[in-house]
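Colleague: Pasting a structure below so you can have a look.
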């Protein structure tokens, strides 16, 4: 089974910290180009199930910015997206599962994420919601060699931890 933007969403949520954090925004960013493959589907042999994904890192779009001294503008969104491309690079990120453990209400998918040229293990918690699935994980940017954004001599920073949320409708 192939999934992607036509069947769901891949969101990244960043939070701010620092003395001047009131000036910044907590961001919701959508990855607009990504695809994943679940094989076999339907899974007759749960131990044989594999999930692979390709994420185009140059397809980030800022959906929302919460908080901040002033509302997020279109120019802010453009600048944030350009900064993300500079910090993350434009190469494709990838995920390959090493273990899929389904349960009645969702399950767990463990695997390796390659981002910014670095591969690290990631664990996705999966929850069924009736019309599809929601998978979540928290990823530390520095674990992948990415320096979190900072401004004003470090008085405003993006937290190292980025929340990843994948929503899929079947």
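The values are calculated or read from the model by the stated rules, or taken from the named source; none is laboratory data. Note that this is a predicted model, so its numbers are computed, not measured. Neighbour counts are summed over all protein chains in view; Cβ atoms, including those assigned to glycine, are modelled from backbone coordinates with ideal geometry.
Colleague: Picking from 62, 122, 126, which residue would you name as being in a strand (DSSP E or B), surrounded by 14 or more Cβ atoms within 10 Å (Cβ to Cβ), touching a helix residue (DSSP H, G or I) at 6+ places or on another chain (Cβ under 8 Å) and at pLDDT 95 or above?
Modeller: The conditions single out 62.
Colleague: Have a look at 23, 69, 48 and point out the one that is surrounded by fewer than 14 Cβ atoms within 10 Å (Cβ to Cβ), closer than 28 Å to residue 153 by Cα and modelled with pLDDT under 95.
Modeller: The match here is 69.
Colleague: Right, something else. From the list 5, 42, which one is over 24 Å from residue 160 (Cα atoms), surrounded by fewer than 16 Cβ atoms within 10 Å (Cβ to Cβ) and modelled with pLDDT of 95 or more?
Modeller: Among 5, 42, only 5 is over 24 Å from residue 160 (Cα atoms), surrounded by fewer than 16 Cβ atoms within 10 Å (Cβ to Cβ) and modelled with pLDDT of 95 or more.
Colleague: Return yes or no: is residue 134 under 16 Å from the mean Cα position of the chain (by Cα) and more than 15 Å from residue 15 (Cβ to Cβ)?
Modeller: Judged against the criteria, residue 134 is a match.
Colleague: Take residue 100 and decide whether it is over 14 Å from the mean Cα position of the chain (by Cα), surrounded by 14 or more Cβ atoms within 10 Å (Cβ to Cβ) and free of Cβ contacts under 8 Å to residues at least 24 places away in the same chain.
Modeller: Considered against the rule, which asks whether it is over 14 Å from the mean Cα position of the chain (by Cα), surrounded by 14 or more Cβ atoms within 10 Å (Cβ to Cβ) and free of Cβ contacts under 8 Å to residues at least 24 places away in the same chain, residue 100 comes out as no.
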